[in-house]
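Quick notes on the structure that follows.
Read-outs throughout are calculated quantities, based only on the coordinates presented, and are distinct from any laboratory measurement. The model shown is predicted, which means the values in this text are computed figures rather than measured ones. Cβ coordinates were reconstructed from backbone atoms using ideal geometry, including for glycine residues, and neighbour counts include every protein chain displayed.
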Ligand SMILES: [Zn+2]
């Protein structure tokens, strides 16, 4: 109970310590046009090319794309493992044939 007094509460939406840029967005004191939605925004870094909303969408889409790629790689890997298993079985069968 007393421990709560010692906690330093910060805003979960405080972006001050975030690493910028994030998918094209960075906060700042400039105006800019978002390349994705075409909207005109204030409070952007002068080098930002996305609004924060679009930057979040880009990050989400990229993550989904990476997850799909990982899934495809896993399926290909499983197929290769099965193929290697078949080849190894053939190899051991040949060895058996040659040794007798
Ligand atoms: Zn946008």
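Miscellaneous remarks
- Full-stretch length increase - residue 13, residue 65 - with 0.36 nm per residue and alpha-carbon distance subtracted: 16.1 nm
- Peptides 20-32, 64-76, 37-49 ranked from most to least packed give 20-32, 37-49, 64-76, packing being the mean of other C-beta atoms within 10 angstrom over each peptide's residues.
- Scattering curve values for the range 17-92, log₁₀ I(q)/I(0), Debye with Cα scatterers, q = 0.15, 0.26 Å⁻¹: -0.61, -1.06
- Neighbour counting of Cβ atoms within 10 Å sorts the residues 11, 57, fewest neighbours leading, into 11, 57.
- Degrees separating the helix 52-99 axis from the principal Cα axis of the chain, which is the longest one: 10 degrees
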